[in-house]
Amino acid sequence: MTQPRTVMLLDELENNISMGKRVPLSTMVMIDRDRCRQLVQDVRAELPADMTAAESIIQNQSSIIAEARDIAEQTKNDANMRANRAVNEANAQAQNTVNMANQKAQEMMMKAQEQSQKMLADAKDKAMQMITDAEAHAKQLVSEQEIVTRARMEVEEIRQSTQEEIEKLYHDVYKHIDEVLAQLDRSISEKLTDIRMTRQQIDQSISPR
């Protein structure tokens, strides 16, 4: 890289001083005064051009800094837009997940209610059939007293058996409903965990580094 003329002139001036002849018994040296004066004048003549070049460099540096700031601001705005879009998409996904979970819960509840109602209806039909069969069997007995006694005994047994069957059916129905609700609770918990993890990832991606 070529040195500026000012530097070259100053180097020559320094060289003339360094190569000057020493004056005996002193620290002074003899130099070419005319040449040194000419070098000083040349340096003065070159200074305006060097100052202009320096100002041009400073202005160019300012322009580069301003351009870099504009690029940084644009990059920041783009990052914010991407982050906002990611947040909106995550919120939409979360809302969709909640809606699907609610719909599934309603479907499972309706199915459980239908099954429980069917089980109770079957139990009532079975109990009525057992009573009808007992009454028909009682009519076949020979002795009226025996009919009454055995009918009462069988009716009591049927009632007790029917009550136990109904209680068992109620127990099975409530157990089934509890299992359905537990499964629903697990499903919703898993979906909420996924949503929290997604939000944490988004927060980490948009946090200042």
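Could you tell me how many of the residues in the range 174-209 are free of Cβ contacts under 8 Å to residues at least 60 places away in the same chain and β-branched (V, I, T)?
1
Counting only residues that are at pLDDT 85 or above, out of contact with any Leu (no Cβ under 8 Å at 6 or more places or on another chain) and surrounded by 12 or more Cβ atoms within 10 Å (Cβ to Cβ), how many does the range 38-57 have?
Pass one, the range 38-57, residues at pLDDT 85 or above: 38-45.
Then drop every residue that is not out of contact with any Leu (no Cβ under 8 Å at 6 or more places or on another chain), which leaves 38, 41, 44-45.
Then keep just the ones that are surrounded by 12 or more Cβ atoms within 10 Å (Cβ to Cβ); that gives 38, 45.
Selection size over the range 38-57: 2.
Here are Q140, Q163, Q183, Q95: which of them is at pLDDT 85 or above and on the phi < 0 side of the Ramachandran plot? Write out each step before concluding.
On the way: Q140 fails: at pLDDT 85 or above; Q163 fails: at pLDDT 85 or above; Q95 fails: at pLDDT 85 or above.
Just a single option satisfies the conditions, and that option is Q183.
Of the residues in the range 1-44, how many are without any contact (Cβ under 8 Å) to a residue 24 or more places away in the chain and outside any helix (DSSP H, G or I)?
Our first condition is that a residue be without any contact (Cβ under 8 Å) to a residue 24 or more places away in the chain; within the range 1-44, this holds for 1-3, 7-8, 11, 14-38, 41, 44.
Checking which are outside any helix (DSSP H, G or I) leaves us with 1-3, 19-32.
Residues flagged as without any contact (Cβ under 8 Å) to a residue 24 or more places away in the chain and outside any helix (DSSP H, G or I) within the range 1-44 amount to 17.
Would you call H176 in a helix (DSSP H, G or I), surrounded by 11 or more Cβ atoms within 10 Å (Cβ to Cβ) and either at pLDDT 85 or above or not aromatic (F, W, Y) (or both)?
yes
Condition first: surrounded by 10 or more Cβ atoms within 10 Å (Cβ to Cβ) and out of contact with any strand residue (DSSP E or B) (no Cβ under 7 Å at 6 or more places or on another chain). Now tell me which residues in the range 18-32 satisfy that.
To start, the set of residues in the range 18-32 that are surrounded by 10 or more Cβ atoms within 10 Å (Cβ to Cβ) comprises 19-20, 22-23, 28-29, 31-32.
Within the range 18-32, M19, M28, I31, D32 qualify.
Can you tell me which residues in the range 59-91 are modelled with pLDDT of 80 or more and closer than 19 Å to E190 by Cβ?
The answer is N91, and nothing else.
Does H171 satisfy the criteria of being assigned to a helix (DSSP H, G or I), of a type outside the set (D, E, K, R), over 26 Å from M197 (Cβ atoms) and without any contact (Cβ under 8 Å) to a residue 24 or more places away in the chain? First the steps, then the outcome.
Working: assigned to a helix (DSSP H, G or I): yes; of a type outside the set (D, E, K, R): yes; over 26 Å from M197 (Cβ atoms): yes; without any contact (Cβ under 8 Å) to a residue 24 or more places away in the chain: yes.
So H171 passes the test.
Suppose the filter is touching a helix residue (DSSP H, G or I) at 6+ places or on another chain (Cβ under 7 Å), surrounded by 10 or more Cβ atoms within 10 Å (Cβ to Cβ), modelled with pLDDT of 80 or more and within 30 Å of E157 (Cβ to Cβ); does M108 pass it? Write out each step before concluding.
Values: touching a helix residue (DSSP H, G or I) at 6+ places or on another chain (Cβ under 7 Å): yes; surrounded by 10 or more Cβ atoms within 10 Å (Cβ to Cβ): yes; modelled with pLDDT of 80 or more: yes; within 30 Å of E157 (Cβ to Cβ): no.
For M108, the condition - touching a helix residue (DSSP H, G or I) at 6+ places or on another chain (Cβ under 7 Å), surrounded by 10 or more Cβ atoms within 10 Å (Cβ to Cβ), modelled with pLDDT of 80 or more and within 30 Å of E157 (Cβ to Cβ) - is not met.
The values are calculated or read from the model by the stated rules, or taken from the named source; none is laboratory data. This structure is a prediction, so every number in the text was calculated from the model and none was measured. No Cβ is skipped: glycine too gets one built from the backbone with ideal geometry, and neighbour counts run over all protein chains shown.
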